[in-house]
Amino acid sequence: MLRVVPNRSLVVTAVGGPRSRSARDPHLSRAEIILRLAAPPRRIAAATAGVPNSRLRAAPVPDAWSIVDILAHLRASADVWGGAIDQILSARRPTFKAISPYTWLKQTDYRSQDFAVLLRAYTRQRTALVRQLQALPARAFERSAIVTGCGAPLERTLMWYALGIAGHEHSHLKHIERLMSEPG
């Protein structure tokens, strides 16, 4: 079930949530996390500058994701996990049902969008998230929610989602940069 929340279009979280082990580094400061969250749009734009749309849509090998597919996945993941952050900030310890970014992606037209349109929307979305997080006091990162629909209810903090987004995107960014560095 999707629910409208302020500044987002859906309810929020992935089944199991962001999984990157490196994303859970407890030694990252809030400022470092925010810097990691701010970087992806610039890195994607730099890696893809001047690349024809046909190459961005082409899978490097059969059954692999194209650059457009990767960006569509990142945008859907940002919808879901950024929305989780909104939910956590909108109420004291809210409870919401998990949804998978893959499920959400299937309900969008992201994969059919022009790369430039997709990147602009992702960049706007990320800029808003970074500004939102920069404005928060440190204690807000400890706020939590109860997430249902993926086995036993789980407690997840705003920090968990912020770290998870940054970690999840890191491997996809490296993949994009590697693909774009190969002869096309």
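Since every read-out is calculated from the coordinates, none of them should be taken as a lab result. Because the structure is a prediction, the values reported are computed rather than measured. Quick reminder, even Gly has a Cβ in these numbers, built from the backbone with ideal geometry, and neighbours come from all protein chains shown.
Numbers below:
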quantity: Gaussian network model of the chain, Cα within-10 Å springs - most flexible of Val130, Val68, Val51; calculated: Val51
quantity: Check: the chain dipole with +1 on Lys, Arg Cβ and -1 on Asp, Glu Cβ, in debye; calculated: 400
quantity: Total charge dipole magnitude, segment 97-177, about the Cα centre, Cβ charges on Lys, Arg, Asp, Glu only, Debye to nearest 20; calculated: 160
quantity: Distance between modelled label sites at Glu182 and Cys150, nm, 7 Å Cα→Cβ extension; calculated: 3.0
quantity: Quotient of C-alpha Rg and 2.2 N^0.38 Å, computed over the chain; calculated: 1.02
quantity: Label-to-label distance, nm, for residues given as Thr108 and Ala47 (7 Å Cα→Cβ offset); calculated: 1.7
quantity: Angle between the chain longest axis and helix 158-181 axis [Cα atoms, degrees, rounded to 10]; calculated: 10
quantity: Degrees, to the nearest 10: 30-48 long Cα axis against longest axis of the chain; calculated: 20
quantity: Packing-based order for 52-62, 31-41, using average beta carbon neighbours within 10 Å, highest first; calculated: 31-41, 52-62
quantity: Rounded to 5, percent antiparallel among DSSP beta bridges of the chain; calculated: 60
quantity: Cα long-axis angle, helix 115-134 against the chain (0 to 90 degrees, to the nearest 10); calculated: 30
